[in-house]
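The values are calculated or read from the model by the stated rules, or taken from the named source; none is laboratory data. This one's a predicted model, so the numbers in the text were calculated from it and none came from an experiment. No Cβ is skipped: glycine too gets one built from the backbone with ideal geometry, and neighbour counts run over all protein chains shown. Calculation scope for accessible area: heavy atoms of the full protein, side chains included, ligands and nucleic acids excluded. Shrake-Rupley method; radii C 1.70, N 1.55, O 1.52, S 1.80 Å.
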Amino acid sequence: MNEETHARRKLLDRIREDRLVTRRDYLRMLVTVSGGLLAGTAAVASGIFRRHGDGPAPAKKVADAVAPGESFTFSYPGEDDPAIGVRLADGSLVAYSSVCTHLACAVLWIKDSGNLECPCHDGVFDVGSGEVLAGPPPRPLPRIRLDERSDGIYATGVTL
Ligand code: FES
């Protein structure tokens, strides 16, 4: 074997080795990304990213007196969980997370339409149930249970 053929063979061997390393790296990256996606999917499915947990939470006074047709805002269950309450025309009270289930804009009480509305993409929620009436939101608003006591209105839990 002459020197030129030997050098050429060595070069081809190096190129082959480089390809193997590249494939190995590609497979390692594929496994890492797949594992990350699997872990993320499991975390979302288990609900650990929910801002409003389902179930009872410590009672918290959120308002004093509210007239029919009027709304009030508060934070519940945590200080970073904005919520909105409305006293309906029949005197009953309802409250929901005010974080839109589409892209998390603030939901507002629109007295004229009688609905909760999100101005970002025209999402509309039924004030009586929190269900989506129109627009892109994929889920109803989480409902906050209220209890009217002699000294004011208390939030007592969240229902998803
Ligand atoms: S963020 Fe509310 S409709 Fe898009």
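Looking at TYR76, TYR96 in this structure, which one is farther than 22 Å from LEU133 by Cβ and among the hydroxyl-bearing types (Ser, Thr, Tyr)?
Numbers: TYR96 fails: farther than 22 Å from LEU133 by Cβ.
Result of the check over TYR76, TYR96: TYR76.
Do the conditions hold for GLY123, that is, is it away from the ligand (no atom under 12 Å from the Cβ), more than 14 Å from PHE72 (Cα to Cα) and buried (at least 16 other Cβ atoms within 10 Å of the Cβ)? The answer is no for GLY123.
Restricting to the stretch 126-160, give me the number of residues that are open to solvent by 30 Å² or more (accessible area, probe 1.4 Å) and within 15 Å of the ligand (Cβ to nearest atom).
The initial filter retains those residues of the stretch 126-160 that are open to solvent by 30 Å² or more (accessible area, probe 1.4 Å), namely 126, 128-129, 131-136, 138-140, 143, 145-151, 154, 156, 159-160.
Cutting the leftovers down to within 15 Å of the ligand (Cβ to nearest atom) gives us 126, 131-136, 138-140.
Residues that pass the stated criteria total 10.
Residues in the stretch 48-56: is at least one at pLDDT 75 or above and under 22 Å from ASP147 (Cβ atoms)? Looking through the stretch 48-56, none of the residues is at pLDDT 75 or above and under 22 Å from ASP147 (Cβ atoms). Considering every residue within the stretch 82-89, establish whether at least one is of a type in the set (Val, Ile, Thr) and either open to solvent by 50 Å² or more (accessible area, probe 1.4 Å) or within 13 Å of the ligand (Cβ to nearest atom) (or both). No.
Checking the structure you have, find out if any residue of the stretch 94-104 is more than 16 Å from the ligand (Cβ to nearest atom), under 21 Å from the mean Cα position of the chain (by Cα) and polar (S, T, N, Q). Looking through the stretch 94-104, none of the residues is more than 16 Å from the ligand (Cβ to nearest atom), under 21 Å from the mean Cα position of the chain (by Cα) and polar (S, T, N, Q). Of all residues in the stretch 71-93, those satisfying the criterion of being more than 19 Å from the chain's Cα centre (by Cα) and not basic (Lys, Arg) are SER71, PHE72, THR73, GLY85, VAL86, LEU88, ALA89, ASP90, GLY91, SER92, LEU93. Using the structure shown, decide if ALA65 is in contact with a Phe, Trp or Tyr (Cβ under 9 Å, 6 or more places away or on another chain), surrounded by fewer than 18 Cβ atoms within 10 Å (Cβ to Cβ) and at pLDDT below 95. When the stated conditions are applied, ALA65 does not pass them.
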